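For reference, the structure discussed in these notes is given below.
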Amino acid sequence: MRNYLSCGMLKQVQHDIFSYKLITMKQTFRSKIGPEIVIPMGLILGGVLVFMLILGAWVGVLIIAVVLAFVVHLFATTYYTIDGAELKVRSGFLINITININTITKIVPTRSILSAPAVSLDRLEVFYNKYDSVVVSPGDNVGFIEALKGINEGIVTG
């Protein structure tokens, strides 16, 4: 029995147990919040708010306050959950994407400024299915990629 296990079977059993733990364990990765997004947005909204206060434009102040509350809500509720064989991408009440991890083919770093459920420019683009992709910005890029590759070893990273 010992020789049988030492012929690579033990490694396969260990891998299967590790993979099972990853698949059955729910992991949540909060979005990294980058100053390259927060500072310009804060300066613009803050500047407009001060200008509206000086003018006494209370309707404008109310509008800016609502926009600011919405932005804070998006920042606070952007996260990515690996639950079983699914990656769930959430950002406020606007974005709710569920991806089968076994359909993910590639993950590459990107600094794209295109709109995405990512609150930092330190981003990863996740390619899945044949033509689909989503841009995310987990606080722990390495841990995020390792967790996905623990479920789907075929994911190419670059």
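Computed from backbone phi, the HN-Hα couplings of the range 123-139 come to 10, 10, 9, 9, 9, 8, 6, 8, 10, 8, 8, 9, 9, 10, 9, x, x Hz, rounded to whole numbers (Karplus: 6.51 cos²θ - 1.76 cosθ + 1.60, θ = phi - 60°; Gly and Pro given as x).
Each Lys and Arg contributes +1 and each Asp and Glu -1, all at the Cβ; summed about the Cα centre of the range 38-158, the dipole is approximately 220 debye. Between the amide H of THR105 and those of PHE127, TYR128, ASN129, distances stay under 5 Å, these residues lying 5 or more places away or on another chain, with hydrogens modeled in the peptide plane. The relative contact order of the range 26-157 comes to 27 percent, based on Cα pairs under 8 Å that sit 6 or more residues apart.
Between the amide H of THR110 and those of ARG123, LEU124, GLU125, distances stay under 5 Å, these residues lying 5 or more places away or on another chain, with hydrogens modeled in the peptide plane.
We did not get these values from a lab; they are worked out from the coordinates using the rules stated. Keep in mind that what you see is a predicted model, and the values were worked out from it rather than measured. For neighbour counting, all protein chains shown are included, and Cβ atoms are generated from backbone atoms with ideal geometry for every residue, glycine included.
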